[in-house]
Amino acid sequence: MKIAICSSFIPFINGGARNIVDWLKCILEEYGHRVEVIYLPQADSPELLFQQMFAYRWIDVDSADLLICLRPQAHLIPHENKKLWFIHHIRAFYDLWDSPYRGFPDDFNHKGIRDALISIDTKALNESKKIFTNSKIVSNRLKEYNKINSEVLYPPLINPERFFCKSFNNEIVNVCRMEHHKRQHLLIEAMKYTISPIKLRLCGVSSNQQYYNDLLGIVKTNNLEDKVILENRWISDLEKVELLSTCFAAAYLPLDEDSYGYPSLEAAHSIKPVLTTSDSGGVLELIEDGISGYVTEPDPKALGEKINELFINKNKTMRMGENALNKITSLNISWDHVVNRLLT
C-alpha cells in the first residue's frame, strides 16, 4: 500500500511530535508499505493561521492509497481515504484560551479567529474515515470543542526493548525540553525539601534562553548547586537509556500534557516509577498515585516530600516501577496494535 503521513512541525524544535511521525514511517515500512512523509512548517501566530490552513488545503496526495494526518493543520488535506492520529489542537485557541499561554488578547478580533478556526477544524475533521487520538485527554477535547467521537490509540516507543533497569542510584531524572510549561522550575524548587544525597538531573534544550537562565537563577538563589545537575543539551539515546537504567525514579510534570508523554513511557520501560502532578493531563493515564509512581499537587514542598519517599522506600519504588511496566501491557501500547487499527 502507498501511504502518505502528513504533519506540521515548528522549525528547530525537536520533540515527541516529530518522533511519532518518524517512528510510524519506519514501522509501516517494516510491514512492507511504501511511505512518504509530508511536513509543512507551523506557526501559531493568529496573523498566519489561515494562510497556513490554505497551504494544507491545496496539497494533493491522491496518488496515496491512504493518508494519515497527525499534528494540526494536516487534517485539512483532502483525500478520499483520510485517517487521523490526532495529537492535539492548536491549543492556544482551544483548551489554553483562558491560560497564560494564549499569547494574544482575548478581544473581538481573536475571538472571531477562534470561532472560524473551530468551525473549519470541525468540518475538516469530519471528512476523515476514522479519528484516533493519543490520549483520553485529546479525545475529550475533540468531543467538547468539535462534537466529534474518536478512539484512543496510545503511541509506543520505537525499539522499547533498549530500555532496562540496572540499578537505583541517588538521582531522579527529567529528560525533556526545558520549557516553562514542562515546569522544571518546580522540580528545582522541590530540591530545597529533599534529603542528602538525593540529586536532580535535568537534561534537555529550551527554545527560550530566558527560561534556562531562570532555572540557573533558581539553583543559585537557593544554593542548590550541589543538588541540581543542569545539562542544557540533547543527550543521545544511549545516554538516556543509561540515565534511566540507573536512576531511582523519573519526574515529568508538564501542565495539562496532551498524552502520557514519551518521558513517562521511557521511564516505565526502564522499570522506574514517575513523579508527576495532579494537573499533568494525559500523564495520569499511565501514572497512578502510589501504584506506578506518585501524583502530587504542583507544589515544591509536596514534590520534595515524594522525592524523599521514592529514595528512602526502595522496595516500594521498585514495585511501582514494575507496575508502570505492567501498565503498558494492560493499555495495549504496541506497534502491532497501532498498525492494525490504522490500516483496518
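Just so it is clear, none of the values below were taken in a lab; they were calculated from the coordinates. From a predicted model like this one, the values you see are computed outputs, not experimental measurements. Here the Cβ is made from the backbone with ideal geometry for all residues, glycine too, and neighbour counts use every protein chain on show.
At 7 Å along the Cα-to-beta-carbon direction for both residue 209 and residue 108, put a label point, then send me their distance in nm to one decimal.
4.1 nm
Along the Cα→Cβ direction, 7 angstrom out, place labels at residue 123 and residue 229. What is the inter-label distance in nm?
It is 5.4 nm.
Using a 7 Å offset from Cα along Cα-Cβ at residue 136, what residues in segment 146-161 end up with backbone N under 12 Å from the label point?
152
Springs between alpha-carbon atoms under 10 Å, Gaussian network over the chain: tell me which of 92, 116, 324 tops the mean-square fluctuations.
Result for the chain, Cα springs under 10 Å: 116 fluctuates most.
Over segment 160-330, what relative contact order in percent results from Cα pairs under 8 Å that are six or more residues apart?
26 percent
Just the Cα atoms of segment 160-330, one point each, no solvent: what log10 I(q)/I(0) does Debye give at q = 0.11, 0.16 Å⁻¹?
With one equal scatterer per Cα and no solvent, log10 I(q)/I(0) is -0.38, -0.85.
Using alpha carbons only, how many angstrom separate the centre of segment 145-186 from the centre of segment 12-29?
Their Cα centres are 15 Å away from one another.
Where in the chain is the longest stretch that carries no trypsin sites (Lys or Arg not before Pro) classed as loop by DSSP and with at most 10 other Cβ atoms within 10 Å?
Here the longest segment lacking exposed loop sites spans 1-146.
Kindly work out what percent of the DSSP beta bridges joining two residues of the chain are antiparallel, to the nearest 5.
Close to 0 percent.
Using only the alpha carbons of segment 19-65, what is the convex hull's orientation-averaged projected area in square nanometres?
Projected over every direction and averaged, the Cα hull of segment 19-65 covers 4.1 nm².
What residues of segment 95-131 lie in the reach of a label at residue 10, counting those whose backbone N is under 18 Å from a point 7 Å from the Cα along Cα→Cβ?
So the set is 95-105.
For the cross-link pairs 147/327; 123/272; 25/123; 143/327; 25/220; 25/301, which exceed 32 Å when the distance is taken from alpha carbon to alpha carbon?
Pairs exceeding the cut-off: 123/272; 25/220; 25/301.
Which FRET efficiency value, to the nearest 0.05, is calculated for residue 65 and residue 297 with the Förster distance at 45 angstrom and r the Cβ-Cβ distance?
The formula returns an efficiency of 0.35 here.
Take the alpha carbon atoms of segment 286-316, find their center, do the same for segment 317-340, and report the distance between the two centers in whole angstrom.
With segment 286-316 and segment 317-340 each reduced to a Cα centre, they are spaced 20 Å.
Please compute the net charge surrounding residue 14, taking Lys and Arg as +1 and Asp and Glu as -1 over other residues with Cβ under 14 Å from its Cβ.
Neighbour charge sum, excluding residue 14 itself: +3.
Suppose the chain between residue 337 and residue 115 were pulled fully straight at 0.36 nm per residue; how much longer would it get relative to their current alpha carbon spacing?
76.3 nm
When you have a sec, figure out the Kirkwood radius of segment 2-153 from all distinct Cα pair distances and drop it here in Å to one decimal?
It is 15.9 Å.
Say the dipole of segment 2-153 comes from +1 at the beta carbon of Lys and Arg and -1 at that of Asp and Glu; which of 21, 41, 86 then lies farthest toward its positive end?
86
Starting from the Cα of residue 2, move 7 Å in the Cα-to-Cβ direction to define the label point; list residues of segment 48-65 whose amide nitrogen is under 17 Å from there.
The answer is 59-65, whose backbone nitrogens lie closer than 17 Å to the label point.
Given just the C-alpha atoms of the chain, how large is their convex hull per residue in cubic angstrom?
127 Å³
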